[in-house]
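The values are calculated or read from the model by the stated rules, or taken from the named source; none is laboratory data. Only a predicted model underlies this, so the values are computations on that prediction, with no experimental measurement involved. All Cβ positions, glycine included, derive from the backbone under ideal geometry; neighbour counts span all protein chains shown.
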Amino acid sequence: MTVFIRQAVVVSPSSPFHLQVVDIIIENGIFTDINFRLEMPPHARVIDIKGLHISIGWVDIMADFGEPGFEYRETLMSGSMAAAAGGFTDVLISPETKPVISGRSMVAFIKDKASITRLHPVGTVSKDGLGKELAEMYDMAESGAVAFSDGFKPIQHPGVMVKALQYVLPINANIIQIPNDRSIGTEGLMNEGITSTQLGLPGIPALAEELMIARDIELVKYTKSRLHIAGISTQKGMEMIKQAKKEGYQITCSITPYHLHFCDDDLVHYDTNLKVFPPLRTKQDREALIEGVKQGWIDAITSLHRPAHKDEKECEFEYAQFGMAGIQTAFSATFNLIGDINTIVQRFTAARNIFNLPPEEIGIGRQACLTLFNPNENFIFTNKQGYSLSHNNAFLEKPLRGRVLGTIIQNKIYLNQ
């Protein structure tokens, strides 16, 4: 197959055509020519879209695609379609399936199901995700697991965490933690603060997150290992990570678009789509985190895509499931706030370096792995545009700026309608 991309803005700092408008020819999945004006090859499939921008393919961190065990929320196919529609060519898959991703067979099952997007399994740190004994991380790494995490049930026991950090050193892999000390604010439903008191809802204090971050930073200092802290939500947590990075430790972090957009004040109407974990924090936290993304203190954006069946969200706030299915709107929601396309692309591609995924480049002779988007298009995201089986997305029916147009990967083209 020959593809001819006409007059696209390249957003790729490693390319000599960075921020320039070029024509591109791709043959059988390989870049064969890139220049300011090219003659269209015969019988080529033409991509000619006003306002088209391209970058290397984006990577999402820790998405829950349900299968196996929770197919009523999401399947690997529906999740992949939503990811591609959101501009992601690669997705790290959360281990919280049923059974959990805790061995070779489950890693192989996820990888074998990959089609529209490349799926990268994240294996559990502990056996069966119970937080007690280490899982066979070496075996899972050999089978294709790119990182290890117990997902939304982060490792609580420091002894287990130390062993895990030491175990991944020789295989050069990352531990991913969603920070939360579960012994604090155990029954909490939202951020502990003035708003939770006014609403009469039990709170989850920022301390629960910040204690876990502080502990894990000390364990990284002890082990000299690698740690990725996903979904940070407090200013103090970000500042601790920033300081540890300055001191030279291999610690990275990511944030969700909804923590950039919303704060605990937005829960006054008990919107269950905003019942997320980590919880939405204060306006001051939110503003500090936005600045952290702009300044590079926060390395990456993650959707923490967590779909829920409508029965799990259309209920009393107390009983609603935590999480948001936001993989398809992650780019638009972030670009709405940050605005700088260079910064956005860097945050959406940073996971390639963090998790040692194969590097991608826009250059002749390289395999084409592209995200196509128009940062200047305004639109309203509706259920009809969604590919996820679940619709627990607080950005539904909201005006957004920056539209994903599709992806090109493994000689396949996926274009949004």
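Looking at the stretch 296-306, can you tell me whether even one residue there is assigned to a helix (DSSP H, G or I), touching an Asp or Glu at 6+ places or on another chain (Cβ under 9 Å) and of a type outside the set (A, V, I, L, M)?
no
Condition first: farther than 17 Å from Ala83 by Cβ and of a type in the set (Gly, Ala, Ser). Now tell me which residues in the stretch 107-146 satisfy that.
Ala108, Gly123, Ser126, Gly129, Gly131, Ala135, Ala141, Ser143, Gly144, Ala145
Kindly provide the set of residues from the stretch 270-283 that are out of contact with any Lys or Arg (no Cβ under 9 Å at 6 or more places or on another chain) and under 20 Å from Gly326 (Cα atoms), ordered by number.
If the condition is that a residue be out of contact with any Lys or Arg (no Cβ under 9 Å at 6 or more places or on another chain) and under 20 Å from Gly326 (Cα atoms), then Tyr270, Asp271, Leu274, Pro278, Pro279, Arg281 are the ones that fit.
Would you please list the contacts, defined by Cβ atoms under 6 Å and residues six or more apart or on different chains, that run from a residue in the stretch 300-314 that is over 17 Å from Phe88 (Cα atoms) and touching a residue at least 60 places away in the same chain (Cβ under 8 Å) to a residue that is of a type in the set (Ser, Thr, Tyr) and part of a helix (DSSP H, G or I)?
Lys313/Thr272
Taking only the stretch 204-237 into account, find how many residues are in contact (Cβ under 8 Å) with a residue 60 or more places away in the chain and under 15 Å from Pro279 (Cα atoms).
Within the stretch 204-237, residues that are in contact (Cβ under 8 Å) with a residue 60 or more places away in the chain and under 15 Å from Pro279 (Cα atoms) number 6.
When the residues of the stretch 265-280 are filtered to those that are under 19 Å from the mean Cα position of the chain (by Cα) and part of a loop (DSSP other than H, G, I, E, B), which remaining residue is farthest from Glu210 (Cα to Cα)?
Lys275
State the number of residues belonging to the stretch 217-273 that are touching a His at 6+ places or on another chain (Cβ under 6 Å) and over 16 Å from Ala173 (Cα atoms). Full working, then the answer.
If we filter the stretch 217-273 for residues that are touching a His at 6+ places or on another chain (Cβ under 6 Å), which is where we start, we get 233, 252.
Still in the running and over 16 Å from Ala173 (Cα atoms): 233.
Within the stretch 217-273, residues that are touching a His at 6+ places or on another chain (Cβ under 6 Å) and over 16 Å from Ala173 (Cα atoms) number 1.
Within the stretch 39-54, is there a residue that is part of a strand (DSSP E or B) and within 25 Å of the chain's Cα centre (by Cα)?
Yes: the stretch 39-54 contains one or more residues that are part of a strand (DSSP E or B) and within 25 Å of the chain's Cα centre (by Cα).
From the list Leu304, Leu219, pick out the single residue that is assigned by TED's automatic domain parsing to the domain that holds Glu71, of a type outside the set (D, E, K, R) and either surrounded by 24 or more Cβ atoms within 10 Å (Cβ to Cβ) or closer than 27 Å to Glu71 by Cβ (or both).
Among Leu304, Leu219, only Leu304 is assigned by TED's automatic domain parsing to the domain that holds Glu71, of a type outside the set (D, E, K, R) and either surrounded by 24 or more Cβ atoms within 10 Å (Cβ to Cβ) or closer than 27 Å to Glu71 by Cβ (or both).
Looking at the structure I just gave you, is Leu274 of a type in the set (A, V, I, L, M, F, W, C) and within 23 Å of Ala83 (Cβ to Cβ)?
In short, yes.
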